[in-house]
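Take a look at the structure below.
The values are calculated or read from the model by the stated rules, or taken from the named source; none is laboratory data. Since we're looking at a predicted model, the values are computed, not measured. Here the Cβ positions follow ideal geometry from the backbone for every residue, glycine too, while neighbour counts run over all protein chains shown.
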Amino acid sequence: MDKKLGRPRSEKTKTDILTASYDLLIENGFGAVTVEKIAERAGVSKATIYKWWPNKAAVVMDGFLNATTVKLPIPDTGSAIDDMFIQANNFVEFLMSRKGNVITEIIAEGQFDPKLADIYRKAYFKPRRSISKQILERGISRGELRKDLNMELSIDLIWGPVFYRLLITGEVVDNTFVRNLINLCI
């Protein structure tokens, strides 16, 4: 029988680490967060952090996901167009806040850190894309949307302009813009 050495993992310790990493991310930005600062803020050793996460990017991304995932519920109003608008609009409002603006920092950092890019794609963007697909599938099954709708392309056509404005042009992304995208793409 193999026994693990050391103290068992504590959910409170994990929560403290995730909270510390997220708070530091919001306060200072991704580049200024270090495992040392997370450990100090959480009141744990760096070794404790490295037992659970392989690197700074992983713990910071988990902290971000832990703090933000609940804030973006999956809408189901009975209308796929309204649900896509609600999902996109909620996400845009989140992106425009300081807490959501951290995503731009994570995306930027991901250009130089392939592990971080992989984490945010798999853990953050892929689940949101899946939600969009669920909404479109419901709309197709209820007869609201065309059966031959290319869901993958529609999702790209909705989110592409949002991120283009957010990351490249800095132009406004408001309710009207989001509604027009939804109406154009599905």
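Only one of the listed residues (K122, K126) is over 22 Å from Y164 (Cβ atoms) and charged (D, E, K, R). That residue is K122.
Can you tell which of G110, G143 is at positive phi and either of a type outside the set (F, W, Y) or at pLDDT below 95 (or both)?
Working: G110 fails: at positive phi.
Just a single option satisfies the conditions, and that option is G143.
In the set (1) more than 21 Å from T104 (Cα to Cα); (2) at pLDDT 95 or above, the condition left unmet by A20 is number (1). Within segment 152-170, the set of residues being over 17 Å from K133 (Cβ atoms) and not charged (D, E, K, R) comprises P161, F163, Y164, L166, L167, I168, T169, G170. Hey, does segment 96-115 have a residue that's of a type outside the set (V, I, T), in contact with a Ser or Thr (Cβ under 8 Å, 6 or more places away or on another chain) and assigned by TED's automatic domain parsing to the domain that holds L166? Among the residues of segment 96-115, at least one is of a type outside the set (V, I, T), in contact with a Ser or Thr (Cβ under 8 Å, 6 or more places away or on another chain) and assigned by TED's automatic domain parsing to the domain that holds L166, which makes the answer yes. Of all residues in segment 135-173, those satisfying the criterion of being without any contact (Cβ under 8 Å) to a residue 60 or more places away in the chain, outside any helix (DSSP H, G or I) and not aliphatic (A, V, I, L, M) are G143, R146, K147, D148, N150, G170, E171.
Listed here are the helices (runs of 4 or more DSSP H) enclosed by segment 17-132 that have at least 3 residues being of a type in the set (A, V, I, L, M) and within 23 Å of I158 (Cβ to Cβ): 80-96, 98-110.
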